[in-house]
Amino acid sequence: MILHDTIAAISTPPGRGGLGVIRISGPHATRIAQSILRLKGDLRPWTATRAELTDHDNAQLIDETIVTFFAAPRSFTAEDVIEISCHGAPVVLRHCLDRAVRAGARLAEPGEFTFRAYLNGRIDLPRAEAVRDLIDATTLYQARIAAQQTQGSVSRLLAPIKVQLLELIALLEAGIDFAEDDVSVAPVAEILRRMEPVITQTAILVRSFRYGSLVREGFSLAIVGQPNVGKSSLFNCLLEQNRAIVTAIPGTTRDLVSETVDFAGIPVRLVDTAGIRETGELVERLGIERSYEAMADADLTLVVVDGTTDLDPESLALIEKSREQGRALVVANKCDLPGFRAQPDQLPVSALTGQGIEAVKEAAIHLLAPDGEIQAQGGFITSLRHENLLREASAMLEKAREATRAGLPHELLLLDLYCALQPIDAITGVTTADDILNRIFSTFCIGK
């Protein structure tokens, strides 16, 4: 990938729309814009200018556009950036892009604008990754978390961990390098004291991925139960619309019905299934087989029972099977009716009135991520790459703690600490030798 040339791409989604944007970035962005457009004013930084897009001969008008010039180094890519806002007809956007390429631009690779922003120091790697998450967000909560990460929230979470780790490394390096100059080396107790908060904070971030992965990816929830316990009614209640057919006739639902809903900002794919019972009817039997498949595939199973009647052997067997296959919640429906009674391990709800629905949503999230609320308040990671790297760092920190307790030489301890620093650097950016030296000489008064 060449990074000193000028690139261009259509930055708006495919299809027709009121507006479409062509983005051009690189040293020749302004020259290219001036060559393909008839400007109605001067092209000044941070100013929108009217312009006409013409045909290849500059003779006939194709579209009236607005051109915005973002000057280096304060643009998104830290290069000169031109954005041409055309009407959103695909043929117009393709023509504009074709003219830019003929004038000297190159078609951008996927993600190349953000890649240039990263290489040019405008954003760090976690911020670059968050740009993709913001684009892919399907709920406002996902968008808010991604927006926070584009502003550096992940780097801020890791900053104190990295600072404390660097200070410990600097302490040990100074003790080794300047031992002959009577610089004191920290005792084992001091090394462990400094190491403990790094280990603890890293482990907390690793655990936070359970909640973060839910925020980013969402989860699937299969609603199962016997006929006429209110599965489809509960499905509609969670969805807040009448999507599934509800009748008093047992076996109404014959196939899987799925929709995506928002649980506290987390996207959840709800799956309504056929009522599970013994039947000789072919179509219903096939639907029941799909119900069992949905249970096996779902991240969480919601077993619905009728809270106005005692559990029969079939319901007990279904609850047991759902728990064997993975995480499951048991919901006792019809809590609005007389004679309702629920077991202690059952969540009372009414699919008719909506009573207990919020408690079901909260229980589902808590079951998949037990400390989700704490992580939501204190910050969390959403990237699998970050989780793998932090898990690697955590393992090396544990190894360093054991090495310290065993009284191994500081040179060997430093190897483990540097191995712990490397995966953190892979998230936040590389630590150089100068960073270590600066910490050594800023922390210790070595006046020689």
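The values are calculated or read from the model by the stated rules, or taken from the named source; none is laboratory data. This is a predicted model, so every value here is computed, not measured. Positions of Cβ are backbone-derived with ideal geometry, glycine not excepted, and every protein chain shown enters the neighbour counts.
Here are some notes:
- Some residue of the stretch 393-406 being out of contact with any strand residue (DSSP E or B) (no Cβ under 9 Å at 6 or more places or on another chain), on the phi < 0 side of the Ramachandran plot and outside any helix (DSSP H, G or I): yes
- Hey, Phe76 in contact with a strand residue (DSSP E or B) (Cβ under 9 Å, 6 or more places away or on another chain), in the same structural domain as Arg38 (by TED's automatic domain parsing), in a helix (DSSP H, G or I) and over 21 Å from Asp42 (Cβ atoms) or not: no
- Of all the residues in the stretch 207-232, those that are at pLDDT 85 or above, in a helix (DSSP H, G or I) and not charged (D, E, K, R) number 7.
- Ser155 vs. criteria assigned to a helix (DSSP H, G or I), more than 30 Å from Lys361 (Cα to Cα), hydroxyl-bearing (Ser, Thr, Tyr) and in contact (Cβ under 8 Å) with a residue 12 or more places away in the chain: yes
- Residues of the stretch 85-110 satisfying the condition of being hydrophobic (A, V, I, L, M, F, W, C) and farther than 29 Å from Asp124 by Cβ: Cys86, Ala89, Val91, Val92, Leu93, Cys96, Leu97, Ala100, Val101, Ala103
One line per residue, one yes/no per condition, for (1) in the same structural domain as Leu192 (by TED's automatic domain parsing); (2) buried (at least 21 other Cβ atoms within 10 Å of the Cβ); (3) over 30 Å from Glu64 (Cα atoms):
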position	(1), (2), (3)
Cys96	no, yes, no
Leu107	no, no, no
Phe115	no, no, yes
Arg127	no, no, yes
Thr138	no, no, yes
